[in-house]
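Heads up, the thing below is written out as structure tokens.
The values are calculated or read from the model by the stated rules, or taken from the named source; none is laboratory data. From a predicted model like this one, the values you see are computed outputs, not experimental measurements. In this analysis, Cβ positions are derived from the backbone assuming ideal geometry, glycine residues included, and neighbour counts consider all displayed protein chains. Only protein heavy atoms, including side chains, enter the accessible area calculation; ligands, DNA and RNA are left aside. Shrake-Rupley method; radii C 1.70, N 1.55, O 1.52, S 1.80 Å.
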Amino acid sequence: MPLKSHRYSLGARLFFSAAVCCVLILVLAGVGLTTFYRRSAERGFDERLSVYIKQLVADLAAPPETERQTVGDLGEPRFDLPLTGWYWQITRLDGERPNVRASRSLVGGQLPKLLDQSIVPNSRGLRESYVSGPDDRRLRVLEREIDVGEDGRFTVAVAAPADEIEGDIQDFRFALAMTFLLLGIALVASTLVQVRFGLRPLVRLRAAVGAVRTGENPRIVGQYPPDLAPLASELNQLIDANHEILDRARTQVGNLAHALKTPLSVMMNEAGTSGDGQLSQTVRAQAAIMRDQVQYYLDRARAAALSGALGGVTEIAPSLDALLRTFTKISQGRGISGSHAIPPGLRFRGEKQDLEEMLGNLLDNAFKWASSAVEVSLASEKTADTERIALLIDDDGPGLPAEAMAEVLKRGRRLDETTPGSGLGLSIVVDLAKLYGGGLSLDRSPLGGLRARLELPSV
């Protein structure tokens, strides 16, 4: 079952997960720091307002009546200018009518009393809150309730514009955002460098495995980190085990071929010395069929074992040159010429013996039926699989009808019994090509004869 590739690579997943974590951490840290700074800014602002409250309380508690007339002289001009947002207010609570004294900046207005809003005082006895001022301006208000004995009970309140706090917080938020943005970019860049550096041994290991698959190296070579070295070692052991199994398979196939061919040869020789009787002819014919069938299935078993081998790579042009020379010499008396247009360096991912077996059968069939020429070329169109090539073997013979092309690809089918052969050649090519993930198809050749299209895996 083929492995399914995930949409994202390991490096991309590590990078994006780290980047998301960095952004999330920075956002949470920004929110936390902004909240902490807001509270700190409010405490600092409240400290300024509490100083004014203490001064107002001290003025109220002063014993001489003359000193009490100076209540509200806080030394801050903004308490005297109209509607500046800086206000103070003193309200007597135990009189028949509320007696309110306020800063000039209130211009006859009044601040809402926090006492009436059920706000609980803090540990210093101060009530604190945000209210809407006379001009609908948002204010920060601190209020304290005091008792000066016979002089009565009062609430002392001081208010200031809340936008001063917000402005301070906005400045801090902007500075924090710029700092975290630069920090985030630096973290993402460092993450990218770490991912690329950390995954570099995996890239080298992938290249080493690819070199073994394409036949450039027999084993995985190179130095790897301690956590990857065992994997490279296990892969090398797997490659060694694969080669050992293939060697045993070759040996067993060779032994089986020898064990079967020898008795068949003895049977044919004995039948040949027994005369030309019907029995002798039958034995020779059936023994020849058995020999061809044995050879066919032994080749198929050997090819099945070799098709999964690692590192088998064969250059096509040299093998094709040798085969064309051989078949041209065999057909010299018929005047058939053979040529090919396969570029140098084009390689088949498989064993040389299997490539020559497939090309040999196809060329044998082409030279057998050609009138004067056999041509081998590379298909110009691209296949669906970019790692496959298509070889075209054309002849100028009589060709085949369309309905007969599928028949000749079946095992042992022959449409002409007058030519020598077992009829297994094309079926052997079909089986070998399928074992390598390719295929064979027949069509009408531009030369007038038959075209065989052989698709094979390439490097």
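Among 400, 24, 450, what's the order by accessible area (1.4 angstrom probe), most exposed first?
So the residues, ranked largest to smallest area, are 24, 400, 450.
With θ taken as phi - 60° and the coefficients 6.51, -1.76 and 1.60, list the Karplus ³J(HN,Hα) couplings across region 222-237 in order, rounded to whole Hz; mark glycine and proline as x.
Karplus values, whole Hz, x for Gly and Pro: x, 9, 10, x, x, 7, 9, 4, x, 5, 4, 5, 5, 5, 5, 5.
What is the local net charge at residue 240, summed over the other residues whose Cβ is closer than 14 Å to its Cβ (Lys, Arg +1; Asp, Glu -1)?
On the way: positive: 219, 248; negative: 234, 244, 247.
Result for the local shell: -1.
What's the FRET efficiency of residue 181 with residue 118 using the Cβ-Cβ distance as r and R₀ = 35 Å, to the nearest 0.05? List each step's numbers first, then the result.
On the way: r = 43 Å, r/R0 = 1.24.
The computed FRET efficiency comes out at 0.20.
What order do 388, 43 take when sorted by accessible area (1.4 Å probe), most exposed first? Intermediate values should be presented prior to the final figure.
Numbers: 388 70, 43 130 Å².
The residues order as 43, 388, largest area first.
For residue 340, enumerate residues with amide H under 5 Å from its amide H, sequence gap 5+ or separate chain, H modeled in the peptide plane.
Here the answer is 376, since their amide H atoms fall under 5 Å of that of residue 340.
Tell me which aspartates and glutamates have Cα within less than 13 Å of residue 261's Cα, excluding those fewer than 8 residues away on the same chain?
In chain and number order, the partners are 292.
Work out the FRET efficiency for residue 346 and residue 409 from their Cβ-Cβ distance, taking R0 = 35 Å, and round it to the nearest 0.05. Before the final figure, lay out each step's value.
On the way: r = 25 Å, r/R0 = 0.71.
E(calc), rounded to 0.05, equals 0.90.
Would you tell me the accessible area of residue 261, worked out with a 1.4 angstrom probe on the heavy atoms of the protein chains, in Å² to the nearest 10?
80 Å²
Considering only protein heavy atoms and a probe of 1.4 Å, how much of the accessible area of region 78-120 is carbon and sulfur, as a whole percent?
The computed percentage sits at 47.
Expected output is a single nm value to one decimal: the length gained when fully extending between residue 196 and residue 19, i.e. 0.36 nm times separation in residues minus the C-alpha distance. What is it? All intermediate terms of the calculation are to be shown ahead of the outcome.
Details: separation 177, 0.36 × 177 = 63.72 nm, distance 1.40 nm.
That pair, residue 196 and residue 19, stretches by 62.3 nm at full extension.
Collect residues whose amide H, placed 1.01 Å from N in the peptide plane, falls under 5 Å from the amide H of residue 133; neighbours closer than 5 in sequence don't count.
Answer set, sorted by chain and number: 138, 139.
HN-Hα J couplings of region 392-406 from phi, Karplus 6.51/-1.76/1.60, θ = phi - 60°, integer Hz, Gly and Pro as x?
Those phi angles translate into 10, 10, 10, 9, 10, x, x, x, 9, x, 4, 6, 8, 5, 5 Hz.
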